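Colleague: Below: one structure in structure tokens.
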Amino acid sequence: MNLKGKVAIVTGGGRGIGRAIVLKLASLGCNVAFNYVKNKEAAASLEKEVQKLGVKCQSRSVDIKDFAKVKEWVDFIKEEFGGLDILVNNAGIIVDKALMLMSEEDWNSVIDTNLNGMFNASRAVIVTFLKQKSGHVINISSVSGLIGLPRQTNYSASKGAMNAFTKSLAKEVAAYGIKVNAIAPGFIETEMLSEFSDEQKQKILDMIPLGRMGSVHDVTGCVEFLLSDAAQYITGQIIQIDGGLAIR
């Protein structure tokens with residue numbers, strides 16, 4: 001597949017799954033912009049790595065929770081890159097705690113980033129997509145939003161709402177040629193998973209029918225598929241990339 005000349009925004013693209021998506025899109029010829037929170041050095045390094053692939057890349061520290069700043073960033077990207085075709089809502093955080101120990105801040109920080117951040121970016125791009133009668137929105141959700149996981153009431157709530165948002169928006173904009181889908185990864189080998197003990201990892205593996213953790217390439221392969229001609233009749237779907245963890 002060739003995305004030469006296309007422009008994509010990936011929120012939370014500085015590390016983990018987001019970083020892998022940035023590199024995948026760039027390898028397909030897509031110009032990519034991404035935001036990060038604090039690690040300017042890592043973002044700059046990724047930006048240079050992407051540019052070596054022969055495409056444009058721009059990174060910026062943007063608070064995804066602030067609509068005005070997100071809108072300003074999106075407008076800048078459109079002007080700088082000459083258009084906008086793809087939005088990948090990947091930015092997200094986890095603050096896992098039992099509900100009885102969860103503070104209001106624990107709840108609000110996850111909802112503000114995962115759910116409100118998705119709204120901010122989607123709202124900032126949607127008028128452009130409607131005017132050009134084309135565009136892709138891909139939301140990076142989680143199996144936690146499908147089956148619920150203990151100690152993740154805030155995270156599960158944010159991802160469950162993301163799934164509902166995906167279906168609603170897909171119906172709203174389908175007549176304009178815009179496709180909206182979500183990917184719900186299970187346990188993926190990233191920096192976050194490296195913090196788990198061997199015992200915790202084994203317990204997770206025991207729950208996964210395919211018997212292995214996922215890789216970022218499992219997720220980026222699905223992103224590539226959703227952007228391809230093979231998926232031109234697919235919208236409003238929540239695609240599980242979880243090794244069978246959330247089979248129901």
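Colleague: Quick check: is even one residue across the range 147-154 β-branched (Val, Ile, Thr), at pLDDT 95 or above and assigned to a strand (DSSP E or B)?
Modeller: Taking every residue of the range 147-154 in turn, none turns out to be β-branched (Val, Ile, Thr), at pLDDT 95 or above and assigned to a strand (DSSP E or B).
Colleague: Tell me, please, whether a residue that is within 22 Å of Ser215 (Cα to Cα), at pLDDT 95 or above and not in a helix (DSSP H, G or I) can be found in the range 36-43.
Modeller: yes
Colleague: To continue, here is another question. Can you find even one residue in the range 125-142 that is under 16 Å from the mean Cα position of the chain (by Cα), under 12 Å from Ala157 (Cα atoms) and either of a type in the set (Asp, Glu) or at pLDDT 95 or above (or both)?
Modeller: So far as the range 125-142 goes, yes, one or more of its residues are under 16 Å from the mean Cα position of the chain (by Cα), under 12 Å from Ala157 (Cα atoms) and either of a type in the set (Asp, Glu) or at pLDDT 95 or above (or both).
Colleague: If you go through the range 92-144 one residue at a time, how many are in contact with a Gly (Cβ under 7 Å, 6 or more places away or on another chain), open to solvent by less than 20 Å² (accessible area, probe 1.4 Å) and part of a loop (DSSP other than H, G, I, E, B)?
Modeller: Qualifying residue count for the region: 1.
Colleague: Has the range 190-197 got at least one residue that is assigned to a loop (DSSP other than H, G, I, E, B) and touching an Asp or Glu at 6+ places or on another chain (Cβ under 7 Å)? First the steps, then the outcome.
Modeller: Step one: filter the range 190-197 for residues assigned to a loop (DSSP other than H, G, I, E, B), giving 190-192, 196-197.
This time we only want the ones that are touching an Asp or Glu at 6+ places or on another chain (Cβ under 7 Å), so: none.
Within the range 190-197 (the criterion being assigned to a loop (DSSP other than H, G, I, E, B) and touching an Asp or Glu at 6+ places or on another chain (Cβ under 7 Å)), the answer is no, since none of the residues qualifies.
Colleague: All but one of (1) surrounded by fewer than 24 Cβ atoms within 10 Å (Cβ to Cβ); (2) aliphatic (A, V, I, L, M); (3) over 22 Å from Thr190 (Cα atoms) hold for Ala44; which doesn't?
Modeller: Just one mismatch for Ala44, condition (3).
Colleague: For the range 198-230, name all the residues that are free of Cβ contacts under 8 Å to residues at least 40 places away in the same chain and either part of a loop (DSSP other than H, G, I, E, B) or of a type in the set (A, V, I, L, M) (or both).
Modeller: Ile204, Leu205, Met207, Ile208, Pro209, Leu210, Gly211, Arg212, Met213, Ser215, Ala230
Colleague: Only residues that are closer than 20 Å to Asp218 by Cβ, in contact with a Ser or Thr (Cβ under 7 Å, 6 or more places away or on another chain) and surrounded by fewer than 22 Cβ atoms within 10 Å (Cβ to Cβ): list them for the range 145-171, please.
Modeller: Matches in the range 145-171: Leu149, Asn163.
Colleague: Please work out if Ala33 is among the hydrophobic types (A, V, I, L, M, F, W, C) and assigned to a helix (DSSP H, G or I).
Modeller: no
Colleague: Can you report the number of residues in the range 64-91 which are touching a helix residue (DSSP H, G or I) at 6+ places or on another chain (Cβ under 7 Å), open to solvent by less than 60 Å² (accessible area, probe 1.4 Å) and part of a loop (DSSP other than H, G, I, E, B)?
Modeller: Residues flagged as touching a helix residue (DSSP H, G or I) at 6+ places or on another chain (Cβ under 7 Å), open to solvent by less than 60 Å² (accessible area, probe 1.4 Å) and part of a loop (DSSP other than H, G, I, E, B) within the range 64-91 amount to 4.
The values are calculated or read from the model by the stated rules, or taken from the named source; none is laboratory data. No experiment lies behind these values; they were computed from the predicted model shown. We place every Cβ from the backbone using ideal geometry, glycine too, and count neighbours over all the protein chains shown. Ligands, DNA and RNA are excluded from the accessible area calculation, which covers all protein heavy atoms including side chains. Shrake-Rupley method; radii C 1.70, N 1.55, O 1.52, S 1.80 Å.
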